[in-house]
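Colleague: Structure in structure tokens, see below.
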Amino acid sequence: MDAPPAVFRVADAWRGQWMGASLFRRGGSTLHYVGPADGSVGGPADAATSSASAGAGAGSNTLAAAVVELPGVLLPGFTDHHVHLQLLSALGGTSELGSARLGALAEGGLSRVIDLGGNPDALAALAEPDPFAAAVEYAGAFLTAPGGYPSDRAWAPAGSWREVSSADDAELAVAEQVGAGASRIKIALNAKAGPVWADALLADVVAEVRAAGLPVVAHAEGAGQAERAIAAGVNVLAHVPFSEVLSAAFIARAVAQGQRWVSTLAIQAHADVADGAYAMAIANVRAFRAAGGELLYGTDLGNGAQPLGINPAELDALELAGLDETAVLRALVGGFGRGRWKKRATWLPARPSIAAPLGPQLIAARSITVSDLESLATG
């Protein structure tokens, strides 16, 4: 049930930059930023509150009956842009256990997770709306070449990949994922683990996803595969490229076409370092960011032991790669809830200090349903 209209004065807020004391208006399950607050009842904040009431439209004259004072900091909901929910052993393949696990992710500070490879029917069941859990978006099954990654991997659940052998097959495979509720399509270009499509079929697959109106996410691994994904016009790389250091020309091309990269740096840090994958990933992040590229926070949750929620190791890696406080927060938000915040917001007890590592500070984040903001006033 949607919460009644209310106005909140929060001690601090972040919306791409620090806003200081701020007013928010809640309408149903959506939270709208109103403007700055002076922090004292009866001052300009009350004028802004009245403005919020007037701007809410007809029938909202009771909106500003009281201002609820909130401590701490409000931010848009945090997102992990790369998870594999079926690989979390506690899911157990049932919607009940899945819902509980999603609730644990929310308790760990995440408002949204994006699954990048799983059985689309199982993911559709997990993504049923639940106001007390993290929101789920998903790509459905990996689209891959016949015999390609991850079809031969023991960890890959049944139905989590779909082999595509022709342009006609690509049209059908994309339609299957769309029909199952996918909000993006994941393709596999992993030349180290098996065959990959030739350039012509790769272009056909990308064209079919474009025709469906969805973004394309690529797992690119092996020499030249990230460059192929960039050349094909892929929207998002599921991992920062870690097989080689990309040329300045390809990085500039990726940035020019608005491509975004999901970090997953901690996974590379814990992998075998003999091949230098982590060092190459860090170098690529630095070059990509220097060229104006946008990084998204993602952990590849389900790949090895990781915390259910914000992963401090990933945040440490982002800082090592040169991201400052603003860049880390933007990577965590990733466009989710810009302008208005739907269903969930992030709460922190205090503004993070740039004088200390961000990881230990940001793991204090709580994902709060918009309808439950009053609980912050009472602790």
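Just so you know, all these numbers are worked out from the coordinates, no wet-lab data involved. For clarity, every value in this text was computed on a predicted model and none was experimentally measured. Cβ: placed from backbone, ideal geometry, glycine included. Neighbour counts: every protein chain shown.
Colleague: At a 10 angstrom cut-off on C-beta neighbours, averaged per residue, how do the peptides 311-317, 290-296, 115-121 rank from highest to lowest?
Modeller: 115-121, 311-317, 290-296
Colleague: Further question on the same structure: Mind checking which aspartates and glutamates have their Cα closer than 18 Å to the Cα of LYS343? Skip sequence neighbours fewer than 8 apart in that chain.
Modeller: Output for LYS343: ASP2, ASP80, GLU107, GLU128, ASP130, GLU137, ASP372, GLU374.
Colleague: Determine, for each peptide in 349-360, 151-162, 186-197, 136-147, the mean count of other beta carbons within 10 angstrom over its residues, then list the peptides with the highest first. Please report the intermediate quantities before stating the final value.
Modeller: Details: 349-360: 13.6, 151-162: 15.8, 186-197: 21.6, 136-147: 23.7.
Top of the packing list down: 136-147, 186-197, 151-162, 349-360.
Colleague: For the range 79-333, what ratio Rg/Rh do Cα atoms give with a Kirkwood hydrodynamic radius? Before the final figure, lay out the partial values.
Modeller: On the way: Rg = 17.0 Å, Rh = 18.1 Å.
Result for the range 79-333 is an Rg/Rh of 0.94.
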